[in-house]
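The values are calculated or read from the model by the stated rules, or taken from the named source; none is laboratory data. What you see is a predicted model, and the numbers here were worked out from it, not measured in a lab. Cβ: placed from backbone, ideal geometry, glycine included. Neighbour counts: every protein chain shown.
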There are 4 protein chains.
Amino acid sequence: MSGVKEVSSWLLAGIGRVIQSIEDSEIEKMIDILIDHIDHKILLIGSGRSGLVGRTFALRLMHLGFTVYVSGETITPALTEDDLVVALSGSGTTTTVVAQAEVAKSVGSTVIAVTSHPDSPLAANAHEVIEVKGRSKIDQIFDYDKRQITGEYSNAPLGTMFELSCMIFLDSIIAELMQRIGASELDLRKRHANAE
Amino acid sequence: MSGVKEVSSWLLAGIGRVIQSIEDSEIEKMIDILIDHIDHKILLIGSGRSGLVGRTFALRLMHLGFTVYVSGETITPALTEDDLVVALSGSGTTTTVVAQAEVAKSVGSTVIAVTSHPDSPLAANAHEVIEVKGRSKIDQIFDYDKRQITGEYSNAPLGTMFELSCMIFLDSIIAELMQRIGASELDLRKRHANAE
Amino acid sequence: MSGVKEVSSWLLAGIGRVIQSIEDSEIEKMIDILIDHIDHKILLIGSGRSGLVGRTFALRLMHLGFTVYVSGETITPALTEDDLVVALSGSGTTTTVVAQAEVAKSVGSTVIAVTSHPDSPLAANAHEVIEVKGRSKIDQIFDYDKRQITGEYSNAPLGTMFELSCMIFLDSIIAELMQRIGASELDLRKRHANAE
Amino acid sequence: MSGVKEVSSWLLAGIGRVIQSIEDSEIEKMIDILIDHIDHKILLIGSGRSGLVGRTFALRLMHLGFTVYVSGETITPALTEDDLVVALSGSGTTTTVVAQAEVAKSVGSTVIAVTSHPDSPLAANAHEVIEVKGRSKIDQIFDYDKRQITGEYSNAPLGTMFELSCMIFLDSIIAELMQRIGASELDLRKRHANAE
C-alpha cells in the first residue's frame, strides 16, 4: 500500500478521535445558535487554512439558505446585534481573528469560537466555544521537542489535525442542519453557483 | 451519541474507501511531477469548495518551499512550459477550470487533474489524472432519484465526498513530500505567515 | 515637480478624455438597469486589475443597499433571469469572463459589458455595452510598434488607461445612483464593514 | 452633459489637487525603498477598497519583476527584516491593518504607510509615511455636519477621494519605476497572467 494511503488512514483515525471528544452539549448549542440566525447575517472569520475551511462551511450555509459573508472578501457588511460570527483559529491567538471577534462582540453580535484552546483570547470573546482538540500552531512553541521524539506529528504538520477535524465536523453540522431545516440536496443544488 | 458525530463517522469511513481506491501508480506519478517542479511555478485551479481545498494544498506546498500561485487571486503569473498546473474539479466540467487548463496545456505547462471523471473535458486537457471517486455535482443530474431512495447522500450533499476526500488525500501527499524532500515541521513553520 | 506628479497629470487628462467619449445614452441605460435590479442580485465579473476595479464598484453598490456578489469569491449564488451581471474586460476576450457571461446570458440574466471593444466576444453576450476606450491588452498585439515609437504608453502600460477610466467612471455612477435613490453618505456609512 | 461626466470631472480635479500636495521628498523615498526591495518580498496590506487599490499596485509590481504578496490571500509568506510592507489606510486606524503593520515592524520589516493621517496608529508603525490627503472614513466622525452643509462630498462618499487618489498615484509610481528599472511595456506583458 502506498505510504500516502497509510498516512490517510492515520489522519482519518486521528480526526475521528478529535471529533468524538467534542462535547455533545456544545454541538447542540452551536446548531441552535445557527438556526436562530437563519434570517440574519453570518460572518465567517479565519486566517490561512482555518479560514479556507471556514469558507467551505460558509458555502454550504449559503446553499442551505443562510445569508453568509466571509471576512477578508470584498463584500463584508456592517455587523449588528442580530448577527452571528463564527471564528476559526486553532491557537485562538491569530491577531486579525481576535481583533475582529472583539469588534463583533462589542457591537453585540453573537460569537462562536471554534478553537483548540478554550482559554485563548479568541475564546474570551466568544459566547460559545467549540473545542476541537487537534493540535494548533501554538503547541509547537511550547511542546515541540517532545513531538519530534515521538515523530507522531510529521504526518500532520502545524495546524493540520485541527483544520481537517474542523472540515469534517462542520460538514457534519451541515448534514444535521439539513435534517433540522428539512432541506433536501435538491434545495442546496438550486442555490449552487451556475456561472463558475 | 450526537447525530453530528454519527455523520462524521460515516463521512470518515466513506473518505477512507475513496482514498484506498486511488491507483497507487497515479499517486506515485503525481508525487514525482510535484518534485520535478520544486524549482518552477505551480498554479492551483479550482472553483467553489474544490478551489478552497486546492488552496489548503497550495499553502502547504508553499510551506514546503514550492513557488505556488492560486488562480483567481491577485498574483497569478504567466505560465510557461516549465510550470505545473494542479486542477481540481469533481465533475471535470467546471467552465472556468476547463478553460484555464486548456490555456495551460496550450502554453506547454504540465497539467494534473484531480477529478471523479477521468473521461471529462478537464481530464482531456491533463497529462496526469488522479481519479478521486467521491461523487460530484454532475452525478445527481443523471442519478438523482436513485440516491434519494437510498437516502445515502443526504449526509454528503453535492460534491462533499469528493471535496473531503481530496482534502485528506492532498494532506497525505504533503506528508509524503516532507519525507521525500527531507523537510521537518520546523522547516514548514519558518515559512508560515507571521503577519496574519 | 516630481516626475511622478507629471505622470499623474498626464493620466488624469487621459482619463478625462476617455470618460467624456462614453455615450450619454449608454450611461443612462446602465443606470436604469442598475436601479431596476435594486431588489435582485448583481454579480460583478472581471479578471486581474479589471476585476479589482469591479470589486471597488461592488463594495459601493453594497453600501447603497444593493445585493452584490463578486465572481471568484467564496459566496457566489445561482443566477436567475431576475439578476444582473456587470462584466469588465478591456479586451472583451478574457477567457473566464466571456465564459461566465455566456452562462449568465443563457440562464436569462441581464448582462452589462464594460469594455474597450464593442465587437468583442464579451460584448456579444451583453444586453448593454459601455465602451470605455482606454487601451486594453489586446491592442498591443496588433499595434505595439507604433506605440513604442510615440512612447505615449510607457506611462500607462497594458490595460492601465482602461482600468483607471473604469474606476473613476464607476465611482461617478455611484454618485449619480446616490442622488437617484436618495441615499446620503450616512446611509452608506451604516452599511460599511465594522469588523475589519 | 451627463451628470455622471460632471462628477467625473469634479473627481479628477480633486484627485489632481491631492496628488500635487504629496511631498516630493516622500515620493522619492518611497521609490528608493521599493527599488531597494526588488530582490526581496513585498507584502501589500489594506482592507476594503483601499485593499483593492493595493492589489492593483501589487499586480503591476509583479509585472515589473518584484516578488509581491497580498495580505488576506492564500499565499502570504513569513516576513523577515529584508522584506517590505506597503500598508494603505485612509484613516490609519483599520484594526487588522494596524495589527499587521505592528507585527511586520516587530520582525524588522520596513513599513511604508499610505494614509491621510500621518499621526495615526498605522503611521506610528511605519518607517516612511506617504500622506495622501483625500478624505477618509474617520473624518466624517468628527466633521460630518460641516460637509453636509457644503454638500461637497456627496460626490465622493466615505474614503472615495483617498482611494482614487492612491490608485492614480500608485500607477504613476509604476511608470516612474519602469523608467528607473529600464523596464518596457513588453517586459511587463511577459509576466501578465495568461491562464485567466
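Given the conditions (1) modelled with pLDDT under 75; (2) facing chain D (nearest Cβ under 8 Å); (3) not in a helix (DSSP H, G or I), which single one is not true for C:Arg135?
All conditions pass for C:Arg135, except number (2).
Do we have B:Lys29 as surrounded by fewer than 24 Cβ atoms within 10 Å (Cβ to Cβ), within 7 Å of another protein chain (Cβ to nearest Cβ) and either under 23 Å from A:Thr160 (Cβ atoms) or not aliphatic (A, V, I, L, M) (or both) here? Let's see the steps before the verdict.
Working: surrounded by fewer than 24 Cβ atoms within 10 Å (Cβ to Cβ): yes; within 7 Å of another protein chain (Cβ to nearest Cβ): no; either under 23 Å from A:Thr160 (Cβ atoms) or not aliphatic (A, V, I, L, M) (or both): yes.
The answer is no for B:Lys29.
Applying the selection to the stretch A:32-59, what residues are over 15 Å from the mean Cα position of the chain (by Cα) and either acidic (Asp, Glu) or closer than 18 Å to A:Phe162 by Cα (or both)? Even if it seems obvious, please write down each step before you answer.
Initially, the stretch A:32-59 is screened for residues over 15 Å from the mean Cα position of the chain (by Cα), giving A:32, A:35-41.
If the condition is that a residue be over 15 Å from the mean Cα position of the chain (by Cα) and either acidic (Asp, Glu) or closer than 18 Å to A:Phe162 by Cα (or both), then A:Asp32, A:Asp36, A:Asp39 are the ones that fit.
Going by what's in this entry, would D:Thr93 be described as among the β-branched types (Val, Ile, Thr), surrounded by fewer than 22 Cβ atoms within 10 Å (Cβ to Cβ) and closer than 20 Å to D:Lys133 by Cβ?
Details: among the β-branched types (Val, Ile, Thr): yes; surrounded by fewer than 22 Cβ atoms within 10 Å (Cβ to Cβ): yes; closer than 20 Å to D:Lys133 by Cβ: yes.
So D:Thr93 passes the test.
Within the stretch C:97-119, which residues are within 25 Å of D:Lys5 (Cα to Cα) and not charged (D, E, K, R)? Working first, answer last.
Here is the first cut: in the stretch C:97-119, the residues within 25 Å of D:Lys5 (Cα to Cα) are C:110-119.
Across the stretch C:97-119, the qualifying residues are C:Thr110, C:Val111, C:Ile112, C:Ala113, C:Val114, C:Thr115, C:Ser116, C:His117, C:Pro118.
Name every residue in the stretch D:6-25 that is more than 22 Å from D:Ser154 (Cβ to Cβ) and among the polar types (S, T, N, Q), in order of residue number.
D:Gln20, D:Ser21, D:Ser25
Output the number of residues of the stretch A:32-82 satisfying the condition of being of a type in the set (Asp, Glu) and within 14 Å of chain D (Cβ to nearest Cβ).
Kept after step one, since they are of a type in the set (Asp, Glu), are these residues of the stretch A:32-82: A:32, A:36, A:39, A:73, A:81-82.
Checking the rest, the ones that are also within 14 Å of chain D (Cβ to nearest Cβ) come to A:73.
Qualifying residue count for the region: 1.
Do we have A:Ala123 as more than 10 Å from chain B (Cβ to nearest Cβ), at pLDDT 95 or above and not in a helix (DSSP H, G or I) here?
Details: more than 10 Å from chain B (Cβ to nearest Cβ): yes; at pLDDT 95 or above: yes; not in a helix (DSSP H, G or I): no.
Taking the combined requirement at face value, the residue does not satisfy it.
Could you run through the stretch B:83-120 and say how many residues are touching a strand residue (DSSP E or B) at 6+ places or on another chain (Cβ under 6 Å), within 13 Å of chain D (Cβ to nearest Cβ) and of a type in the set (A, V, I, L, M, F, W, C)?
8
Within the stretch B:2-26, can you find the residues that are among the polar types (S, T, N, Q) and either in contact (Cβ under 8 Å) with a residue 40 or more places away in the chain or more than 7 Å from chain A (Cβ to nearest Cβ) (or both)? Give the derivation first.
Here is the first cut: in the stretch B:2-26, the ones among the polar types (S, T, N, Q) are B:2, B:8-9, B:20-21, B:25.
B:Ser21, B:Ser25 - these are the residues of the stretch B:2-26 that are among the polar types (S, T, N, Q) and either in contact (Cβ under 8 Å) with a residue 40 or more places away in the chain or more than 7 Å from chain A (Cβ to nearest Cβ) (or both).
So, of the residues in the stretch C:65-113 that are touching a residue at least 24 places away in the same chain (Cβ under 8 Å) and touching a Phe, Trp or Tyr at 6+ places or on another chain (Cβ under 8 Å), which turns out to be nearest to A:Lys190 (Cα to Cα)?
Per the criteria, the residue is C:Pro77.
Find the residue count for the stretch D:175-190, including only residues that are buried (at least 16 other Cβ atoms within 10 Å of the Cβ) and either free of Cβ contacts under 8 Å to residues at least 24 places away in the same chain or within 14 Å of chain B (Cβ to nearest Cβ) (or both).
Total meeting the criteria: 4.
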